[in-house]
1. Looking at K188, K144, which one is in a loop (DSSP other than H, G, I, E, B) and touching a residue at least 12 places away in the same chain (Cβ under 8 Å)?
2. Which of the following residues is under 20 Å from M254 (Cα atoms), out of contact with any Asp or Glu (no Cβ under 8 Å at 6 or more places or on another chain) and β-branched (V, I, T): I196, I181?
3. Among (1) surrounded by 24 or more Cβ atoms within 10 Å (Cβ to Cβ); (2) in contact with a helix residue (DSSP H, G or I) (Cβ under 6 Å, 6 or more places away or on another chain); (3) in a loop (DSSP other than H, G, I, E, B), which single condition is K116 missing?
4. It is to be established whether one or more residues within segment 72-80 are within 18 Å of the chain's Cα centre (by Cα) and closer than 18 Å to A176 by Cβ.
5. Restricting the search to segment 59-83, which residues are touching a strand residue (DSSP E or B) at 6+ places or on another chain (Cβ under 7 Å) and open to solvent by less than 60 Å² (accessible area, probe 1.4 Å)?
6. Taking segment 240-262 as the region of interest, how many residues are more than 16 Å from E198 (Cβ to Cβ) and of a type in the set (A, V, I, L, M, F, W, C)?
7. Return the pairs, sorted by first residue and then second, in which the second residue is crowded, with 24+ Cβ neighbours inside 10 Å and hydroxyl-bearing (S, T, Y), the first residue lies in segment 91-119 and is within 25 Å of G172 (Cβ to Cβ), the beta carbons are less than 7 Å apart, and the residues are 6+ apart or on different chains.
8. Confirm whether D274 is without any contact (Cβ under 8 Å) to a residue 12 or more places away in the chain, in contact with a Pro (Cβ under 9 Å, 6 or more places away or on another chain) and among the acidic types (D, E).
Amino acid sequence: MEYLEFELPIKELEDQLDKCQVIGEESDVDVTETCKQIEKKLVATKKEIYKNLTPWQRVQMSRHPNRPYTLDYIKALCGDSFLELHGDRSFKDDKAMIGGLGKIGDQSYMIIGQQKGYNTKTRQYRNFGMANPEGYRKALRLMKSAEKFGIPVITLLDTPGAYPGLEAEERGQGEAIARNILEMTRLKVPIITIVIGEGASGGALGIGVGDKVLMLENTWYSVISPESCSSILWRSWEFKEQAADALKLTATDMKKMKIVDEIIKEPLGGAHSDRDKTFSAVKAAIEKSYEEFKNLSPKDLVAKRMDKYSQMGVFKG
């Protein structure tokens, strides 16, 4: 288990608890009372820390190395029914963008999401979850297939941004993202979007237009990452905490501004502390959202989606 800087008090208590249990096992000393006290303190400390997370700490939580990624969710929700589909039919298969058909319960879905790696080798293979234009074009191809067969779409957002390399720009990164946004606004099947980690800028928006947009509690969604914002405004990464505050990027801020529809609660300690609980919360949210849209006609569905996005950013002068 890896710990973030602000989680160190929890680590200390967990270490104490382990030592206490070892002493109890190895000697005749009765340590049950001591262990109970440490456990009590541990629960209280966890509550104290996780109830008062700052925006920057939530950004760190969303990047936690043990946090479940897109493929973990797919495996947990679809089991063996997932069939991955590859390639954009014009350039190549982007490994940072996963897509395919899977069943959750008795309902088939087209599931698309960005995938990060869990060690150096897989991070390079997945390009750190940064998709190229062919990734967005693959996603669009799969959404169009889903539309053709009347299958609802689920998108899982977890990216530090679209890949900003020269070759990506040469192949039309901006156009690929813009095309996806346009096509997703008028797709004739329900789209459920969930931010499961980092929702950074156009990279997330390229698969982020949905009838229902959900965010896990410790995730963020913004036009720019706090570090980049800090380096633009203050010419240094030092002010990332300030930038995170100013950007209003947490799930609560997004809900307040009506950019996302619902927040999915995470277990105490984040999505990685109890994966099964997280998976079942996400599954319940998907099923509930689909119930809401499954009986709408394609015309009403698109009109409702257009309405939802037209109302964003409206203010009274």
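1. Values: K144 fails: in a loop (DSSP other than H, G, I, E, B).
After applying the criteria, what remains is K188.
2. Working: I196 fails: out of contact with any Asp or Glu (no Cβ under 8 Å at 6 or more places or on another chain).
Selected residue: I181, the only one of I196, I181 that is under 20 Å from M254 (Cα atoms), out of contact with any Asp or Glu (no Cβ under 8 Å at 6 or more places or on another chain) and β-branched (V, I, T).
3. (1)
4. Our first condition is that a residue be within 18 Å of the chain's Cα centre (by Cα); within segment 72-80, this holds for 72-78.
From what is left, the residues that are closer than 18 Å to A176 by Cβ are none.
No, segment 72-80 contains no residue that is within 18 Å of the chain's Cα centre (by Cα) and closer than 18 Å to A176 by Cβ.
5. The first filter runs over segment 59-83 and keeps only residues touching a strand residue (DSSP E or B) at 6+ places or on another chain (Cβ under 7 Å), leaving 59, 62-63, 67, 69-71, 73-74, 77-78, 81-83.
Hits for segment 59-83 are V59, S62, R67, Y69, T70, L71, Y73, I74, L77, C78, S81, F82.
6. The initial filter retains those residues of segment 240-262 that are more than 16 Å from E198 (Cβ to Cβ), namely 241-242, 245-246, 252, 255-258, 261-262.
Imposing the further condition that a residue be of a type in the set (A, V, I, L, M, F, W, C) reduces the set to 246, 257.
Total satisfying the criteria: 2.
7. If the second residue must be crowded, with 24+ Cβ neighbours inside 10 Å and hydroxyl-bearing (S, T, Y), the pairs left are I98/T70; I112/T155; G113/T70; G113/T155; Q114/T70; Q114/T159; Q115/T70.
8. Numbers: without any contact (Cβ under 8 Å) to a residue 12 or more places away in the chain: yes; in contact with a Pro (Cβ under 9 Å, 6 or more places away or on another chain): yes; among the acidic types (D, E): yes.
Yes, satisfied.
The values are calculated or read from the model by the stated rules, or taken from the named source; none is laboratory data. All values reported here derive from a predicted model rather than from experimental measurement. Quick reminder, even Gly has a Cβ in these numbers, built from the backbone with ideal geometry, and neighbours come from all protein chains shown. SASA here: full protein model, heavy atoms, side chains in, ligands and nucleic acids out. Shrake-Rupley method; radii C 1.70, N 1.55, O 1.52, S 1.80 Å.
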